[in-house]
Amino acid sequence: MHNLLAGSVRHLNSMAIDSHCSKLIEISTLAELAELTIPDEPFYILGEGSNTLFVESNTPTLLKPKLKGIEVTEQQDKFVLNIGAGENWHELVEYTVTHGMPGLENLALIPGSVGAAPVQNIGAYGVELADFCHSVTWFDFATKQLQTLSAAECLFGYRESVFKHALKGKGIIASITLALPKNWQPVLSYAGLNTLPENVDAKTIMVKVIDIRNSKLPNPIELPNNGSFFKNPIVDTKHFEQLQQDYPDMPFYTQPNNQVKLAAGWLIEKVGLKGYRVGDAGVHEKQALVLVNFGQASGEDIAQLALLVIAKVFAKFAVQLEPEVRLIGKGGECSLTDSIS
Ligand SMILES: Cc1cc2nc3c(=O)[nH]c(=O)nc-3n(C[C@H](O)[C@H](O)[C@H](O)COP(=O)(O)OP(=O)(O)OC[C@H]3O[C@@H](n4cnc5c(N)ncnc54)[C@H](O)[C@@H]3O)c2cc1C
């Protein structure tokens with residue numbers, strides 16, 4: 001176990017926020033996990049920091065799982081893979097697709113670690129982790145034991161799971177187990193993929209997804225960002241029908257239980273904030289759902305901008321946007337309003 005006296009975390013988060021960390025504990029093996037002393041002070045489990053916004057000048061103690069390894073078992077009808085939490089998600093997608101195990105291609109180029117993937121049930125282009133997740137190996141802080149959580153026990157939903165709620169801060173995801181069925185079917189329903197032929201192979205889909213994402217989303221290495229800053233909001237049918245009368249071109253996705261998902265990026269664009277910039281904090285000029293750091297923005301600068309976006313969208317549409325990004329202050333996870341001094 002590496003107990004590092006850290007420093008700036010700018011290189012440990014995709015928004016490149018220059019907060020200071022005084023204690024960073026890296027965990028590279030299961031033996032180190034078993035020996036882990038759970039910090040008394042506030043702490044945060046950090047993957048690759050691509051869904052994390054440090055909103056204060058200091059971070060809590062950071063626990064960084066770096067457990068590696070991909071084990072593949074071939075069964076008659078599927079490939080079963082156990083993958084260490086510290087592996088990189090996109091590298092896993094490339095590995096599976098190039099080794100003849102299709103399924104994850106629509107999830108190519110999502111930044112971050114394998115261990116974080118179940119936390120918000122990552123998803124893109126009509127596919128989500130839950131479609132392939134068999135189970136999660138969980139290190140429980142109270143018992144200091146590993147346990148297996150079935151996919152059903154993970155309570156996956158839209159950018160949701162048990163790890164954001166009942167199990168938040170109670171343990172670490174050590175590895176995940178995926179089942180990739182051999183009777184693979186491509187998912188081509190989303191714009192950009194729906195022009196591909198039905199007999200397309202997974203590698204072609206992966207390359208197409210990478211091309212589309214590169215053309216639409218800023219690369220955090222060139223322009224630091226957290227991807228979609230807000231979740232797409234879900235409203236009831238009645239509210240949606242009222243909105244649709246005023247905005248007939250409003251994009252929407254019908255959901256079960258009389259609910260409708262709206263496109264947060266479209267709402268932000270319609271309130272005139274696409275390309276808006278305050279100092280070094282900005283709304284991306286091509287994709288309004290993405291907030292960016294032009295260089296020296298602090299986490300608080302980004303949080304202030306997010307609050308402005310939320311207020312303007314609410315004033316115009318009576319729709320409440322919620323951050324998809326995790327907001328982390330010195331005392332641990334906090335809300336947007338908590339993060340403003
Ligand atoms: C350019 C860009 C594009 C993106 N596109 C998408 C997209 O298309 N779809 C999508 O779903 N997301 C997207 N995201 C968000 C991000 O990629 C995912 O949320 C990803 O899973 C975050 O991984 P990470 O390792 O960086 O997590 P972090 O930001 O480090 O952590 C995220 C959460 O997971 C927890 N966590 C991390 N590792 C563990 C662990 N081992 N055990 C327990 N908890 C853990 C953290 O405590 C935190 O709550 C995008 C982000 C960027 C920057």
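We did not get these values from a lab; they are worked out from the coordinates using the rules stated. Everything numeric in this text was worked out from a predicted model, so none of it was measured. Glycine also receives a Cβ, built like all others from the backbone with ideal geometry; neighbour counts cover every protein chain displayed.
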Mean-square fluctuation check for the chain, GNM, Cα pairs under 10 Å: which of D77, D246, D131 is largest? D246
Given a Förster distance of 22 Å, report the FRET efficiency between R277 and S341 from their Cβ-Cβ distance, rounded to the nearest 0.05. 0.55
Take K316 and S57, extend 7 Å from each Cα along the Cα→Cβ direction, and tell me the distance between the two endpoints in nm. 3.6
Cα shape, the chain, gyration tensor, a/c 1.5 rule: oblate
Filtering GluC sites (Glu not before Pro) in segment 154-223 by DSSP loop and by at most 15 other Cβ atoms within 10 Å leaves E198, E222
A correct Karplus calculation of ³J(HN,Hα) over segment 259-270, with 6.51 cos²θ - 1.76 cosθ + 1.60, θ = phi - 60°, whole Hz and x for Gly and Pro, returns 10, 9, 8, 9, 8, 4, x, 5, 4, 5, 4, 5
Span-rule helices in the chain, defined as complete DSSP H runs reaching 24 Å or more along the axis (Cα) with Kyte mean at least -0.5: 299-317
Segment 2-65: D in µm²/s via Stokes-Einstein (Kirkwood Rh, Cα pairs, 4 °C, 1.567 mPa s)? 108
Subtracting the Cα-Cα distance from 0.36 nm times the residue separation, let me have the gained length for E241 to E35 in nm, one decimal. 68.6 nm
FRET efficiency estimate (nearest 0.05) - Cβ-Cβ, N194 to L146, R0 45 angstrom: 0.60
Candidates E285, E35, E91: whichever shows maximal mean-square fluctuation once the chain is modelled as a Gaussian network with Cα springs under 10 Å: E35
Residue-span extension gain [H134 to S8] - 0.36 nm each, minus C-alpha spacing: 41.7 nm
Amide H neighbours of R326 under 5 Å, at least 5 residues apart or on other chains, H built in the peptide plane: list them. T52, L53
Net lengthening on full extension, Q75/D201 (0.36 nm per residue, minus Cα-Cα): 43.2 nm
Classify segment 220-333 as rounded, prolate or oblate, taking a ≥ b ≥ c as the square roots of the eigenvalues of its Cα gyration tensor: rounded when a/c is under 1.5, otherwise prolate if a/b is larger than b/c and oblate if not. prolate
Using +1 on the beta carbon of Lys and Arg, -1 on that of Asp and Glu, and nothing else charged, what's the dipole of the chain about the Cα centre, debye to 20? 380
Between Q296 and E222, the two model label points (7 Å from Cα along the beta-carbon direction) sit apart by a distance in nm of 2.4
With DSSP loop assignment and no more than 15 other C-beta atoms within 10 Å, the trypsin sites (Lys or Arg not before Pro) in segment 46-96 are K68
